[in-house]
Amino acid sequence: MTIQIHAVRTTCPYCGVGCGVKATALPGGGATIEGDIDHAANRGRLCVKGSALGETLDLDSRLLHPAVRQGGALARASWDEALDTVAEGFARIIAEHGPDAVALYVSGQILTEDYYVANKFMKGYVGSANIDTNSRLCMSSAVAGHKRAFGEDVVPGCYEDFELADLIVLVGSNAAWCHPTLFQRIVKAKEARPDLQIVVLDPRRTATCELADLHLALKPGSDVALFNGLLAHLARSDAFDAHYVASHTTGLEAALDVANAGDDVARVCGLDPDDLQAFYDLFARTEKVVTAFSMGVNQSSSGTDKVNAIINCHLATGRIGRPGMGPFSLTGQPNAMGGREVGGLANMLAVHLDLDNAGHRDAVRTFWDAPRIADKPGLKAVDLFRAIEAGSVKAVWIMATNPVVSMPDADQVRRALAACELVVVSDVMASTDLAPYAHVALPALAWGEKDGTVTNSERCISRQRAFLPAPGEARADWRALCDVAQRMGYAGFNFDSAHAIFDEHARLSAWKNDDDGHRRAFRLDPLVGLSRAAYDALQPVQWPLNADGEGTARLFGSGGFSYPDRKARFIATGVRAPANVPCSEFPLVLNTGRLRDQWHTMTRTGKSPRLAGHAAEPFVDLHPHDALLAGVREGELARISSRWGAMVARVAHGGGIARGAAFVPIHWNGQTASDARVGALVNPAVDPVSGEPEFKHTPVRIEPFGVAWYGFIMSRHDLALDQVAHWTRVRGSGFIRYELAGRAPVTPDMARALLGAGDDADADADWIEYQDQSAGMLRAALLVDGRLEACLFVARVPDLPARAWLGGLFAAPELGPRERATLLAGRAVQAGPDPGPTVCSCFGVGRNTICAAIRAGDLQTPGQVTACLKAGGNCGSCIPEIKSLLHEVRFAAAAAA
Ligand SMILES: Nc1nc2c(c(=O)[nH]1)N[C@H]1C(S)=C(S)[C@@H](COP(=O)(O)OP(=O)(O)OC[C@H]3O[C@@H](n4cnc5c(=O)[nH]c(N)nc54)[C@H](O)[C@@H]3O)O[C@H]1N2
Ligand SMILES: Nc1nc2c(c(=O)[nH]1)N[C@H]1C(S)=C(S)[C@@H](COP(=O)(O)OP(=O)(O)OC[C@H]3O[C@@H](n4cnc5c(=O)[nH]c(N)nc54)[C@H](O)[C@@H]3O)O[C@H]1N2
Ligand code: SF4
Ligand SMILES: [Mo]
């Protein structure tokens, strides 16, 4: 491939908003990144993760060569050796134990073309539907809800609806952090039209609530009761669209019977009856309503019912598929939607055809000219890893996802993989929590190197284009799959490009799409037969495409659903409590979710120092009262445990958590902390229809994690810290920062060993230390050739110098006498105040700086803060936090007055 020196238009690899990005490769490596003005999803805007993409493209820690396990460890191997090992292993196990003894576990972060090949390989050639994906953990309840209501997995609306709506209801969505550029569109719409009402339904007070006119902190898991109550209220207030219901739907009566049977909704949901009534009235009288939902809805043992309870309200009012209205499922990953289009879940076929329909199976098998076709659903993620532990599945190929971190009951996943005969891992990174379980590791092309298409939340297909050369021996995921398929003697995998795969996918989408019982909305026929050049130039387009190749913004505005009778279905959604409820042993409900500046297991965002400043370590956020009961204090460490596992994190009081609840972010893992993999605690209960795990509701207990000292290390190099009781790590600019805590006292000798200044220390190395044994204090620094190499600060209580000034010293080629003199004081002689944790990652502005400016200038609006400090002036992702700081300072001033 030739390296492009001009800007290449591509799509962001993170969230499902699917922003257009313009990337320009730099001669020395890396790239400059800007938002693509011409992409309809973002019109040039990027969030903080998107704008930091350029900092994540280095080849540090990349997996660049295949490896095969030899005598217990992975050893570098050629592609031929690695592919032979996979193909022979899969073929042998299939021959001995049948096709259901092997499995693929893939991801919404591979491209549609990769996904298409993976699905064809398993369902058409291996002959088993044992291919599941991390979308099971994410979108499967939305998929199941759409299928039940519409007869097909279709998102009826588009992003523009958020701007045209008069009411936006965000259910279980922290869009300010998780779908930031879409959220910024809502912010702008509200600025232009303050009457636009925003209601947030979330047990937690999140950054998203800063924009809300009403925040309903409902009891976790009570969404079905709330939306059933809404349906009943809509019926009472004559808000139904009788014509739409009669012409385009069936089943209202049964759904309404169940809804009417629910009593005392406010009590069930733990809400103030007046607030609830205000929301119901607002919904009833507002025609243009978008109800957008995300993981607070999907990741629940009643997730599918939550989705349908929401859709019921939109069908009953006919508010669907018209400008400014509709239910809207926010997708998580960049290609969550594309994976569904190719049928990448264990209970789907391909191109929205059904696995349990013999006619559909026959059509797909014929089209593929495949030797077989899977004829029953495969194992869904949780069941899949159980079957692996039980030994009925003996080989698994895991691609672009890390189940050791992201599955519920994640220690069970470890046990399963340790017992598995053949584990193949395709990843872009060498060291992950999953890597130790691999028998074969296959290096994949990463974002910027790979080529293909993704589909975002509004059904918009966009190209991801390569602008960097393939590093090392990395190959596209689709190519590795084809290489193995061909070795197994399967025809139908001689694709030579992503373009050829896309063409086949487009043709299959049109195949028999008009026949009785086969008709579905998903179709790409105008894209069939695109030349390579036309595919490369493909502009973002929303499926379904009409005969002229134009996309479709909205569906179902005048019916036309995908069931044979073209009618939608109301679903009677009974209220169920979450699967596992608190008890005296595990009295708190653990909720888990995302932080603004990290992406999942941090393999890519973790590379950016800019992104690390926002939250430097894992925490457990809980109500001060519950902390008191648990005997833990803010800033200290706590052990959080459930029936399934345990972890350690710093206690925090973010202010948004109700009594009885706790929140832990999902991002930390064995690479970034000694013991902070929250998946180990999460209960493996799943939704009975979708199989999606209940990530947001696990009963837990919180206890002090007793330590004798707290400390931190900043070091230019990675350190082995196995001997300390607790550590976490993030990358700073020129250093790695470790937060530590321990039990055995730290002696100067131990400090030397920890910082790698052992006996054979460099002749030019200076060691400075300061110890106050009676105060339990030790401070030390290692300088090499006058340059700061590493420093360590230890104290009995977690009250230690600010990390920011020390971090800045790593930029200096040599420390001057003044800096040396004050180094162990941890602050400059004329120290400015500690800026605090980063709020604005774009301009590196800390929390304390912002609060001080608000106080000093009596600032009232985020705009004034931006004018004063720049904070919030670039991507805008931090504006909700700035707003909450404005409230906080005002509140503190009022309290003091
Ligand atoms: N910064 C960042 N952005 C991301 C990602 C990331 O890793 N980092 N990941 C992407 C992916 S894959 C996904 S799936 C999306 C997820 O995007 P979101 O779903 O917005 O994010 P989460 O933090 O998982 O959970 C959303 C909210 O659900 C609430 N919740 C918990 N229980 C309930 C309940 O019973 N009812 C209701 N109504 N709400 C509840 C939680 O308190 C939480 O605030 O984000 C995408 N965007
Ligand atoms: N407790 C709890 N757990 C959760 C959730 C939650 O809310 N709470 N949310 C769930 C959800 S919604 C999701 S989406 C999952 C996400 O969880 P995962 O999918 O496990 O997380 P990632 O870190 O995104 O994993 C992607 C992996 O693929 C690698 N990779 C990146 N690009 C490529 C590529 O092009 N090819 C290949 N082969 N590899 C690549 C990355 O280095 C990384 O190791 O977590 C789920 N787990
Ligand atoms: S909003 Fe999502 S798609 Fe857009 S830049 Fe941010 S992470 Fe990327
Ligand atoms: Mo997700």
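How do GLU692, GLU96 rank when sorted from fewest to most other Cβ atoms within 10 Å of their own Cβ?
Neighbour counts put them in this order, fewest first: GLU96, GLU692.
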Would you list ASP213, ASP356 from fewest to most Cβ contacts within 10 Å? ASP356, ASP213
Excluding residues fewer than 8 places away in the same chain, name every one of the lysines whose C-alpha is closer than 27 Å to that of LYS49. LYS22, LYS188, LYS190, LYS450, LYS607, LYS696, LYS870, LYS883
Compute, for the stretch 290-442, the length of the dipole vector about the Cα centre, with Cβ point charges of +1 (Lys, Arg) and -1 (Asp, Glu) only. Units Debye, rounded to 20. 320
Most to least packed among 358-369, 320-331 [average Cβ atoms within 10 Å]: 320-331, 358-369
For the stretch 355-509 the mean separation of alpha carbon contacts under 8 Å (6+ apart) over residue count, i.e. relative contact order in percent, is 15
Summed residue charge, Cβ within 14 Å of ASP496's Cβ, Lys/Arg positive, Asp/Glu negative: -2
Toy charge model, Lys and Arg Cβ at +1, Asp and Glu Cβ at -1: the chain dipole around Cα centroid in debye, rounded to 20, equals 660
Spin-label pair GLU769/ASP548, simplified geometry with 7 Å Cα→Cβ offset, distance in nm: 7.8
Run down the lysines and flag those whose C-alpha is under 25 Å from the C-alpha of LYS394, throwing out any fewer than 8 positions away in its chain. LYS120, LYS123, LYS376, LYS380
Positive end of the charge dipole of the chain (Lys, Arg +1 and Asp, Glu -1 on Cβ, about the Cα centre): tell me which of ALA101, ALA652, ASN357 has its Cα farthest that way. ALA652
Order these by the 10 Å Cβ neighbour count, fewest first: THR603, THR32. THR32, THR603
Taking the dipole about the Cα centre of the stretch 337-437, with the C-beta of Lys and Arg at +1 and of Asp and Glu at -1, give me whichever of VAL382, SER392, VAL342 is farthest to the positive side. SER392
Lys/Arg +1, Asp/Glu -1 at C-beta; the chain dipole; positive extreme among PRO582, LEU629, ALA757: LEU629
Relative contact order, percent, the stretch 588-704 [alpha-carbon distance under 8 Å, six or more residues apart]: 36
Using DSSP, restrict attention to beta bridges with both residues in the chain and report what percent are antiparallel, rounded to the nearest 5. 65
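Roughly how many debye, to the nearest 20, is the charge dipole of the stretch 58-107 about its Cα centre, given +1 on each Lys and Arg Cβ, -1 on each Asp and Glu Cβ, and no other charges?
120
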Rank-order 447-456, 65-74 by packing density, defined as the average count of other C-beta atoms within 10 Å over each peptide's residues, highest first. 447-456, 65-74
For the chain, averaging the sequence separation of alpha carbon pairs under 8 Å that lie six or more residues apart and dividing by its residue count, the contact order in percent is 15
So for the chain, considering every pair of alpha-carbon atoms, how many percent are separated by more than 35 Å? 51
Note on the chain: helices (DSSP H) long enough, at least 24 Å by alpha carbon along their axis, and hydrophobic enough, mean Kyte-Doolittle at least -1.0, are 79-97, 879-896
How do the peptides 748-757, 346-355 rank, highest first, by the average count of neighbouring beta carbon atoms within 10 Å per residue? 346-355, 748-757
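Values in this text are rule-based calculations from the coordinates and carry no lab data. As the structure is a computational prediction, the values presented were derived from the model and not from experiment. Don't worry about glycine lacking a Cβ; one is built from the backbone with ideal geometry, like all the others, and counts go over all protein chains shown.
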